[in-house]
Amino acid sequence: MTPDEWRGAMQNEASSVNDREWAMETKLAAGRFGWRSAGVAAAVFADLGVGVVLLSQCLWLHDAPDALWVGVMVLSGMIGALLGLRRVGPLEAGAGALAFLPGAQLAVVVSQGALGNAAPRDPGVADQGATVLAVIAACAAGSVQSWAALRRSRTV
């Protein structure tokens, strides 16, 4: 049983019962936040943040190309779409994308410990950039899930 089928079954069960309190608890249980999915998304986006810092340190020696941020946003959309295909919800994908900046900051701190003064002093990404990535990832995951649901409804 897929998570969507489980949620639908829980909501159908709640709507067919006369006990209002039990029905409300069942509806709330069906709509709970997916912590496991958010954790997977957070790990993926933290790895993306580490990768951006390491690429800028190793390949470009602190002079990142102008299109790096555009590339990160495109990758965020692609990752969000892939997470949506893996049935990660839009909220979970967006929450996970917020881990991009902590991952990048962690890579900066580790590289400063290893390289000393030769390491970068900041990840090269504005703090508000993580919210942009969260919105892009959430929209991509939601769009893919909507497309998949539409496709499933046409085949049935």
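The values are calculated or read from the model by the stated rules, or taken from the named source; none is laboratory data. Just so we're clear, the structure is a prediction, and the values are computed from it rather than from any experiment. No Cβ is skipped: glycine too gets one built from the backbone with ideal geometry, and neighbour counts run over all protein chains shown. Protein only, heavy atoms only, side chains kept; ligands, DNA and RNA dropped before computing areas. Shrake-Rupley method; radii C 1.70, N 1.55, O 1.52, S 1.80 Å.
Data table
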{"read-out": "Scan of region 127-156 for residues that are among the aliphatic types (A, V, I, L, M) and without any contact (Cβ under 8 Å) to a residue 24 or more places away in the chain, ordered by number", "value": "LEU150, VAL156"}
{"read-out": "From the options ARG151, ARG86, residue that is closer than 18 Å to ALA43 by Cβ and loosely packed, with under 14 Cβ neighbours inside 10 Å", "value": "ARG86"}
{"read-out": "So ALA41, is it in a helix (DSSP H, G or I), over 18 Å from VAL110 (Cβ atoms) and either open to solvent by less than 40 Å² (accessible area, probe 1.4 Å) or of a type outside the set (Asp, Glu) (or both)", "value": "yes"}
{"read-out": "Some residue of region 17-26 being outside any helix (DSSP H, G or I), modelled with pLDDT of 80 or more and loosely packed, with under 14 Cβ neighbours inside 10 Å", "value": "yes"}
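Each row is one residue, and each column tells you yes or no for (1) closer than 19 Å to ALA134 by Cα; (2) modelled with pLDDT under 90; (3) touching a Cys at 6+ places or on another chain (Cβ under 6 Å); (4) assigned to a helix (DSSP H, G or I).
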residue	(1), (2), (3), (4)
LEU48	yes, no, no, yes
GLN57	no, yes, no, yes
TRP60	no, yes, no, no
ASP63	no, yes, no, no
TRP69	yes, yes, no, yes
ILE79	yes, no, no, yes
LEU82	yes, no, no, yes
